[in-house]
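What follows is a short report on a single structure.
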Amino acid sequence: MNKYEMMFILKTTLEEATLTKEVEDLKAIIKEMNGELTDSKEMGNRKFAYPINKEISGNYYVLDFNGSKELVQELDRKARINENVIRHMIIRLDEE
């Protein structure tokens, strides 16, 4: 299994319960596909440098996990079809 980091931005118009549900849904995918969640960070609300889909700010989150290529593909697919995710990025972390 490789180490990955996923950063994603959720809309600021969402209620707190919805924000929590969206983050928990992504964490659940990691667990369902035999991944290991190593760290989860809420980076807070930040203003964008330019509007993205008419949004001017977003709630940033970072998930660090160990997993397979299939897990990364599924997370990417789920984030792309989720209308509450403004942007996301998954990177593979270097071996230390």
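Just so you know, all these numbers are worked out from the coordinates, no wet-lab data involved. What you see is a predicted model; the values in this text were computed from it and never measured. Heads up, the Cβs are rebuilt from the backbone with ideal geometry, glycines too, and the neighbour counts pull from every protein chain shown.
Evaluated against (1) closer than 25 Å to E15 by Cβ; (2) in contact with a helix residue (DSSP H, G or I) (Cβ under 8 Å, 6 or more places away or on another chain), E55 falls short on exactly one condition, (2). G35 meets the conditions (1) out of contact with any Gly (no Cβ under 9 Å at 6 or more places or on another chain); (2) within 26 Å of E95 (Cβ to Cβ); (3) small (G, A, S) in every case but one. The failed one is (1). Of all the residues in the range 73-91, those that are of a type outside the set (A, V, I, L, M, F, W, C), touching a helix residue (DSSP H, G or I) at 6+ places or on another chain (Cβ under 8 Å) and in a strand (DSSP E or B) number 1. Filtering the range 22-43 to residues that are in a strand (DSSP E or B) and surrounded by 11 or more Cβ atoms within 10 Å (Cβ to Cβ) leaves E36, L37, T38, S40, K41, E42, M43.
Among the conditions (1) touching a residue at least 60 places away in the same chain (Cβ under 8 Å); (2) over 11 Å from the mean Cα position of the chain (by Cα); (3) within 18 Å of G67 (Cα to Cα); (4) surrounded by 15 or more Cβ atoms within 10 Å (Cβ to Cβ), K11 misses just one, which is (3). Scanning the range 14-32 for residues that are more than 22 Å from N66 (Cα to Cα) and either β-branched (V, I, T) or in contact with a helix residue (DSSP H, G or I) (Cβ under 6 Å, 6 or more places away or on another chain) (or both) yields a single hit, T18.
On the stretch given as the range 44-72, residues that are without any contact (Cβ under 8 Å) to a residue 24 or more places away in the chain, of a type outside the set (G, A, S) and assigned to a strand (DSSP E or B) total 6.
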